[in-house]
Amino acid sequence: MIEPYLAVALQTSVRHVLNRDEVEINLNHIGSMIDLVTHICSLELPVRLIALGEGAIQGFVDEILDMDQAEYTEVMAARIPGPETDFLAEKAKAKGCFLLAQLKTQNDKYPGRFFNTVFLIDPNGDVIWQHQKNIVLHVEHSTTPHDVYDEWIAEHGDTLEAFFPVAKTEIGNIAGTIGVEGAFPECYRAFAMNGAEILYRGSLPEPWVSREIFETQNRARAMDNTAYMIATNTGTLIMPGAPGEAPASIDGALGGRSAIYNYRGEIQAMNSIVGDCYVASPIDIEALRHYRENARFQNWLPYLKTELFSKLYAQPLWPKNQPPMQHADADKVFHDNVAKLIERGSFTKSGY
């Protein structure tokens with residue numbers, strides 16, 4: 001039996017950094033916040049799971065500067081394991097908790113490319129799970145498994161688990177992703193079909209947080225899949241000032257509103273602060289499992305008619321096996337796909 005425990009969405013300010021050596025300043029800040037939240041929150045229940053936001057360690061330099069993949073891989077992309085995961089591993093061991101975090105990572109099998117990777121560290125300090133982001137915006141430069149599809153399935157197999165793995169742990173089954181991939185219900189349904197009970201969604205920028213897009217999507221993913229959702233945004237973005245000037249602190253860049261939702265899609269904890277903060281809430285895995293076994297409403301997986309929905313994706317759209325892209329390259333594919341959707345009748349051409 002899994003006893004109730006606390007999960008924490010840790011929303012941290014991020015200092016813009018230009019190379020891998022500089023990430024230490026963000027790691028030290030994260031470490032100080034972990035020390036604080038485990039001290040305070042454990043007064044209620046043991047803190048067993050802490051989730052960071054996307055960009056908390058490395059920031060978003062590749063997107064802001066439109067760096068190509070080879071350049072970013074050389075100056076910034078991490079390795080797992082590496083100094084960044086070693087730092088977090090020491091915190092996980094010291095606090096006896098699991099840590100969910102994100103890094104843009106390199107892999108020797110794909111030279112000159114980097115992936116956007118979510119990972120889970122266990123209380124022994126081991127990285128026990130990874131998920132490489134499958135869907136990115138045109139302003140992102142990371143490779144996805146779909147971009148190297150043939151090589152990926154040769155290594156990992158052509159299964160749902162190969163693209164949407166789930167960590168089966170002593171505190172429940174955990175999986176999730178970051179940023180825009182959270183806008184796709186299919187991704188979280190895939191995690192749920194693979195057994196996920198705790199979902200994770202890291203970061204979304206303004207203006208889509210104040211428009212309640214972040215909250216709406218995260219609540220829906222929890223409701224859709226009868227699962228907890230830990231939605232951690234990133235806090236203040238600290239950008240370098242002009243020569244001789246102080247850094248610019250952009251409090252609302254990521255919009256905040258980190259939250260934890262239960263398996264009925266209800267808000268268990270939310271914070272409207274846009275800088276450093278955290279939210280904490282109990283997780284009761286046994287109650288979730290009982291609900292899944294007995295609820296006949298708002299428990300949708302047992303109702304799936306899979307033969308019907310398999311037809312949705314019979315025709316490919318975004319092409320697989322793509323080379324590294326800059327903004328303009330991804331824009332071209334996007335507009336080609338819009339034209340395909342108009343031709344298929346999925347979109348209707350406007351009069352503008």
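Every number here is computed from the coordinates shown, using simple stated rules; none is lab data. All figures in this text were calculated on a predicted structure; none of them were measured in a lab. Cβ sites come from the backbone with ideal geometry, for glycine too, and all protein chains shown count toward neighbours.
Here are some notes:
- Just checking the listed ones, Tyr278, Tyr200, Tyr110: in the Gaussian network model of the chain with Cα springs under 10 Å, the one fluctuating most is Tyr110.
- The simple spin-label model puts a point 7 Å past each Cα toward its Cβ; for Leu341 and Ala162 those points are separated by 2.7 nm.
- Subset of Lys93/Lys168; Lys311/Lys340; Lys133/Lys168; Lys133/Lys349; Lys104/Lys340 violating a 24 Å alpha-carbon distance limit: Lys133/Lys349; Lys104/Lys340
- Rounded to the nearest Hz, the phi-derived 3J(HN,Hα) couplings of region 5-20 under the Karplus curve 6.51 cos²θ - 1.76 cosθ + 1.60 (θ = phi - 60°) are 8, 9, 10, 10, 8, 9, 9, 10, 5, 10, 8, 4, 10, 10, 8, 5, where x marks glycine and proline.
- For region 1-48, the relative contact order is 60 percent, taking Cα pairs closer than 8 Å that sit 6 or more residues apart in sequence and dividing their mean separation by the residue count.
- Region 175-218 and region 156-174: distance between their alpha carbon centers, rounded to Å: 16
- Taking amide H positions as modeled 1.01 Å from N, with prolines and chain starts lacking one, the residues under 5 Å from Ala7 and 5 or more places away or on another chain are Ser281, Ile283.
- Summarising the label geometry, the points placed 7 Å from Cα in the beta-carbon direction at Arg289 and Val333 lie 4.0 nm from one another.
- Listed residue (Gln268, Pro123, Leu10) projecting farthest to the positive dipole end of the chain, Cβ model: Gln268
- Efficiency of FRET from Cβ geometry, Leu43 and Asp150, R₀ 45 Å, rounded to 0.05: 0.30
- Annotation: amide H-H contacts under 5 Å for Gly235 (H modelled 1.01 Å from N, sequence separation of 5 or more, or interchain): Thr12, Ser13, Val14.
- Residue among Glu307, Glu74, Glu293 with the largest mean-square fluctuation in a Gaussian network model of the chain, springs linking Cα atoms under 10 Å: Glu307
- Each residue of region 199-214 was assigned a 3J(HN,Hα) from its phi angle through the Karplus curve 6.51 cos²θ - 1.76 cosθ + 1.60 (θ = phi - 60°); the sequence is 9, 10, 9, x, 6, 8, x, 6, x, 8, 8, 5, 7, 6, 5, 4 Hz, with glycine and proline shown as x.
- Sites Lys305 and Ala220 - FRET efficiency at Förster radius 22 Å, r taken between beta-carbons, to 0.05: 0.65
- Other-chain or far-sequence residues with amide H under 5 Å of Gly176's (modelled H): Tyr200
- GNM result for the chain, Cα springs below 10 Å: residue of Lys93, Lys332, Lys320 fluctuating most strongly: Lys332
- Calculated mean residue ellipticity, 222 nm, the chain: -9000 deg cm²/dmol, from DSSP H runs (n ≥ 4) at -39500 (n - 2.57) each, averaged per residue and rounded to 500.
- Each Lys and Arg adds +1 at its Cβ and each Asp and Glu adds -1 at its Cβ; summed about the Cα centre, region 163-269 shows a dipole of about 240 debye.
- Measuring nothing but how far apart in sequence close Cα pairs (under 8 Å, 6+ apart) lie, relative to its length, region 5-311 scores a relative contact order of 19 percent.
- Proxy reagent accessibility, fewest Cβ within 10 Å first, across Trp129, Trp300: Trp300, Trp129
- Pairwise centroid distance, computed over Cα atoms, of region 233-250 with region 40-59, Å: 24
- Note on Asp35 and Trp318: the extension gain reaches 97.5 nm, defined as 0.36 nm multiplied by sequence separation minus the Cα-Cα distance.
- Dipole in debye (nearest 20) - the chain, about Cα centre, beta carbon charges: Lys, Arg +1; Asp, Glu -1: 1140
- Phi-based couplings in Hz for region 149-166 (Karplus 6.51, -1.76, 1.60; Gly and Pro marked x): 3, 4, 5, 5, 6, 5, 8, 10, x, 9, 10, 4, 5, 5, 10, 9, x, 10
- Shape of region 90-210, Cα gyration tensor, a/c cut at 1.5: rounded
- The mean sequence distance of close C-alpha pairs (under 8 Å, at least 6 residues apart), as a share of the length of region 97-185, puts its relative contact order at 23 percent.
- Think of region 5-311 as a dipole: +1 on every Lys or Arg Cβ, -1 on every Asp or Glu Cβ, centred on the Cα centre; then among Gly202, Ile171, His138, Ile171 lies furthest on the positive end.
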